[in-house]
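Visitor: So that we are looking at the same thing, I have put the structure below in structure tokens.
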Amino acid sequence: MTARREIEAITQRIRERSKPGRETYLDRITRAAGQTANRAVLSCGNLAHGFAACAPGEKADLSGDRVPNLGIITSYNDMLSAHQPFETFPQLIKQAAREAGGIAQVAGGVPAMCDGVTQGQPGMELSLFSRDVIAMAAAIGLSHNMFDAAVYLGVCDKIVPGLVIAALTFGHLPALFIPAGPMTSGLPNDEKARIRQLYAEGKVGRDELLEAESKSYHGPGTCTFYGTANSNQMLMEIMGLHTPGASFINPNTPLRDALTQEAAKRALAITQLGNSYTPVGRMIDERSVVNGIVGLHATGGSTNHTIHLIAMAQAAGITITWQDISDLSDHVPLLARVYPNGLADVNHFHAAGGMGFLIRELLDAGYLHEDVQTVWGEGLRPYAIEPALAADGTVERRPAPKESGDSKVLAPATEPFQPTGGLKVLSGNLGHAIIKVSAVKPERRVIEAPALVLDSQQALNDAFKAGELNRDFVAVIRFQGPKANGMPELHKLTTVLGILQDRGYKVALVTDGRMSGASGKVPAAIHVTPEAVEGGAIARLRDGDIVRLDAEAGTLEVLLPAAELAARARATADLSANEFGFGRELFNGFRQLAGRADHGASAFAA
């Protein structure tokens, strides 16, 4: 099937806009494939260093250029639940490579930080830039030029986007992403949120809060809510970078291990040494990127990807804009309700039919490009499946269920939860912003109230504790953009604003910072661009100004005459406290180089 006319029109618009950059990129990776796709270009000294630690038989194989060598880029560490399962993956991959007649080496490791650990802490100011550090770290591992393909072990927020940027930078190599899977379900997410609110109101103590949090985040694997980490996995599958059905299988299970070994063998099968050469830079094209955006809208995915997808596409010479994302949202229905857009977690989503059901519904309704290339071969239709463990311990795939296993979690395209996507772009005299509407009730999507202007999330939390916020207001938290302090997530605001909304007040958030991938029920205009430190209109706001956030019309405005707003002096802020401590001094260059949020907030030149 072909995509709907409106989906194809947006794709064609992206294709035309991207043509110069895309042609340059494809020419570059074509030349790289001809010059550096095997170890024959290495001198004897180079090669000897590259296999010095290998077994004698592996050295013999690597001495030539006919045995494929698979590079492993891993984000393993054992502090973070999502990445701890990767400890055993290299051995599984190496075993699978041997069985397939190839070799695998760990090419390098990349850092992996957890936004859940750093929320509200100084380390959060490194989070966004860690994406670019990860891309560079992966590039260092692959720069040895020992590899015919690469597999990428990563899961969470900035790790997967950073790895995608690296993979596309080495676009002449086949690339396959291998996930670790979500932890098993713990304390329900709505109960966790309830305890958080009670703690913020002083009705339960720290012991009760820690107990609830520990029951929620209790074992290996990703957090089970649908934030950036699990949005990453959805994206990798719908863009064809996972093997079919790989995204949401729990860690440390026979099926998870079978999928990992299968992925390693598949990566070796698509190198230039065989008949199915699939360089990732050609595989990922404008259609693949549009499919990723469609999946984001259909599932109510993370707002962080309105930044990451732009940066990821840039790495392949493709230019997308917030307007592209917004226009696709107007045409793509919401088919999933996973916390914070519902009560279910990703394990419930998977049990209801998961990615296979979702992809089948979107394909049949014409919302996805079916005629894409994937690591599995031609076309996206083979991803409309559910995986299972065969009797011989390998992976078998069955057609996705015809009906949802839980209509409250996963809906058919004919009966969506809402007719448009979960994300929307706002525009007006305050600039451009992103809002996640899938979790916001319709009656909360238009807020007009006086501004409360603050320069930190702590200032708002302090005002709440002092009992000063029992009223309607729009919280304006500024000087939180990429150039100001690295654009931290302001997740600590979620609980306080949620409490005030539950008390019946009309509240909203406007910020040039980010919210969590788990942005929830409070209307939040985030990523406001231009940011305050670059002279954006948000820096001209004053307490009491009437701000109107209209997620239905897609507008964000302060109700002032244009001349009065323009005549106002821009506020400034002392940001020196953000420049030192917890490694922030090492990232000064990133803050200076960072692009705008709507350009991907990258320190790399576009």
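Visitor: Got a number for residues in the stretch 393-406 being surrounded by fewer than 18 Cβ atoms within 10 Å (Cβ to Cβ) and in a loop (DSSP other than H, G, I, E, B)?
Guide: The qualifying residues number 7.
Visitor: For the stretch 548-587, name all the residues that are assigned to a helix (DSSP H, G or I) and under 24 Å from the mean Cα position of the chain (by Cα).
Guide: Hits for the stretch 548-587 are Arg584, Phe587.
Visitor: Would you check which residues across the stretch 407-424 are assigned to a strand (DSSP E or B) and either free of Cβ contacts under 8 Å to residues at least 60 places away in the same chain or surrounded by 22 or more Cβ atoms within 10 Å (Cβ to Cβ) (or both) and list them?
Guide: Selection gives Leu410, Leu423, Lys424.
Visitor: Only one of these is part of a loop (DSSP other than H, G, I, E, B), surrounded by fewer than 23 Cβ atoms within 10 Å (Cβ to Cβ) and small (Gly, Ala, Ser): Gly116, Gly101, Gly123, Gly57. Name it.
Guide: Gly101
Visitor: Quick check: anything in the stretch 128-139 more than 20 Å from Phe604 (Cβ to Cβ) and not aliphatic (A, V, I, L, M)?
Guide: no
Visitor: Every residue in the stretch 457-494 that is part of a loop (DSSP other than H, G, I, E, B), among the polar types (S, T, N, Q) and in contact with a strand residue (DSSP E or B) (Cβ under 7 Å, 6 or more places away or on another chain), please.
Guide: Across the stretch 457-494, the qualifying residue is only Gln480.
Visitor: Go through the stretch 476-492 and report how many residues are more than 21 Å from the chain's Cα centre (by Cα) and of a type in the set (A, V, I, L, M, F, W, C).
Guide: Qualifying residue count, the stretch 476-492: 4.
Visitor: Kindly provide the set of residues from the stretch 200-232 that are in a helix (DSSP H, G or I) and in contact (Cβ under 8 Å) with a residue 40 or more places away in the chain, ordered by number.
Guide: Ala200, Thr228, Ala229, Asn230, Ser231, Asn232
Visitor: Also, I was wondering about something else. Report the residue count in the stretch 257-292 for those that are crowded, with 24+ Cβ neighbours inside 10 Å and either over 30 Å from Arg31 (Cβ atoms) or assigned by TED's automatic domain parsing to the domain that holds Ser438 (or both).
Guide: Residues in the stretch 257-292 being crowded, with 24+ Cβ neighbours inside 10 Å and either over 30 Å from Arg31 (Cβ atoms) or assigned by TED's automatic domain parsing to the domain that holds Ser438 (or both): 2 in total.
Visitor: Then there's this: Quick one: count up the residues across the stretch 363-378 that are of a type outside the set (D, E, K, R), within 23 Å of the chain's Cα centre (by Cα) and closer than 27 Å to Ser276 by Cα.
Guide: Qualifying residue count, the stretch 363-378: 8.
Visitor: Restricting the first residue to the stretch 172-189 and requiring it to be closer than 27 Å to Lys215 by Cα and at pLDDT 95 or above, which pairs with a second residue that is surrounded by 21 or more Cβ atoms within 10 Å (Cβ to Cβ) and basic (Lys, Arg) meet a Cβ separation below 6 Å and a spacing of at least six or different chains?
Guide: Filtered contacts from the stretch 172-189: Gly181/Arg256.
Visitor: Please indicate, with yes or no, whether at least one residue in the stretch 361-373 is surrounded by 24 or more Cβ atoms within 10 Å (Cβ to Cβ), over 30 Å from Thr271 (Cα atoms) and either out of contact with any helix residue (DSSP H, G or I) (no Cβ under 7 Å at 6 or more places or on another chain) or among the acidic types (Asp, Glu) (or both).
Guide: Yes: one or more hits.
Visitor: Do the conditions hold for Glu448, that is, is it in the same structural domain as Leu559 (by TED's automatic domain parsing), more than 25 Å from Asp157 (Cβ to Cβ) and assigned to a helix (DSSP H, G or I)?
Guide: Considered against the rule, which asks whether it is in the same structural domain as Leu559 (by TED's automatic domain parsing), more than 25 Å from Asp157 (Cβ to Cβ) and assigned to a helix (DSSP H, G or I), Glu448 comes out as no.
Visitor: Taking the stretch 438-479 as the search range and keeping residues that are within 16 Å of Thr494 (Cα to Cα) and β-branched (Val, Ile, Thr), which one is surrounded by the most Cβ atoms within 10 Å (Cβ to Cβ)?
Guide: Per the criteria, the residue is Val476.
Visitor: Here is a follow-up. State all residues of the stretch 181-197 that are within 23 Å of the chain's Cα centre (by Cα), surrounded by fewer than 17 Cβ atoms within 10 Å (Cβ to Cβ) and assigned to a helix (DSSP H, G or I); if no residue qualifies, say none.
Guide: Result: Asp190, single match.
Visitor: So in the stretch 67-95, with the set limited to residues that are among the hydroxyl-bearing types (Ser, Thr, Tyr) and under 22 Å from the mean Cα position of the chain (by Cα), which one is nearest to Val117 (Cα to Cα)?
Guide: Going through the qualifying residues, I end up with Ser81.
Visitor: Still on this structure, I have one more. Of all residues in the stretch 588-606, which are over 22 Å from the mean Cα position of the chain (by Cα) and of a type in the set (Gly, Ala, Ser)?
Guide: Gly589
The values are calculated or read from the model by the stated rules, or taken from the named source; none is laboratory data. These numbers were taken from a predicted model, which means no experiment stands behind them. Neighbour counts are summed over all protein chains in view; Cβ atoms, including those assigned to glycine, are modelled from backbone coordinates with ideal geometry.
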